[in-house]
Structures are given as C-alpha cells and as structure tokens.
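The structure appears right after this line, and notes come after that.
The values are calculated or read from the model by the stated rules, or taken from the named source; none is laboratory data. Computed from a prediction, not measured in an experiment: that's the story for all the values here. Cβ placement follows ideal geometry from the backbone for every residue including glycine, while neighbour counts extend to all protein chains displayed.
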Amino acid sequence: MSALLTLTLAALTSLPAPTPAAPALATPTLGGTTWTLQTVQPAGSAPITPGARLTRPTLTLTGSGADLTLGGSTGCSP
C-alpha cells in the first residue's frame, strides 16, 4: 500500500499549476433597446403579421443594472 501512496503523491505533485481563469466578458448593456413584434404564431395556427392598419407591439428597455426598467406598447395602451 505504501508504494501506491508514494506513486499517487508523486503523480499529483508533478501536475502543472492551474492557469488563472480568463477575465470575464463584459456584460452587454440593454438599456436603450427596443424590440418590435414582426410576427407571432400561436400554437397550431398560421403566423399573424400586423399589417398597415395595426400598430406593432413594442418592448423597450431603459437604464441598466438595478435601474433597468421595462416599457412598451400594444398599439392601444402603454
């Protein structure tokens, strides 16, 4: 058993030192972003695309971090 312990310790001490982790990527800023609905497809139905007479719903992000707020419009009320 002593030989196995010696070999295990030798193997572990001969391993290279771990390399430091790469720096974290910057978090993208979403503030000032607006998404506009192009098409929606309810399950089992054909796609619905708002036409010229329909206002396209939007989702807007403002601010960042803890101050991030959401807003939007369905075309008839915010």
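Return the residue satisfying two criteria in turn: it lies in the stretch 53-71 and is within 24 Å of Val40 (Cβ to Cβ) and hydrophobic (A, V, I, L, M, F, W, C), and of such residues it is farthest from the chain's Cα centre (by Cα).
My answer is Leu54.
Residue by residue, here is whether (1) surrounded by 11 or more Cβ atoms within 10 Å (Cβ to Cβ); (2) of a type in the set (A, V, I, L, M); (3) part of a loop (DSSP other than H, G, I, E, B); (4) modelled with pLDDT under 80 holds:
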{"site": "Ala3", "(1), (2), (3), (4)": "no, yes, no, yes"}
{"site": "Leu9", "(1), (2), (3), (4)": "no, yes, no, yes"}
{"site": "Leu12", "(1), (2), (3), (4)": "no, yes, no, yes"}
{"site": "Leu15", "(1), (2), (3), (4)": "no, yes, yes, yes"}
{"site": "Ala24", "(1), (2), (3), (4)": "no, yes, yes, yes"}
{"site": "Gly51", "(1), (2), (3), (4)": "no, no, yes, yes"}
{"site": "Thr60", "(1), (2), (3), (4)": "yes, no, no, no"}
{"site": "Ala66", "(1), (2), (3), (4)": "no, yes, no, no"}
{"site": "Leu70", "(1), (2), (3), (4)": "no, yes, no, no"}
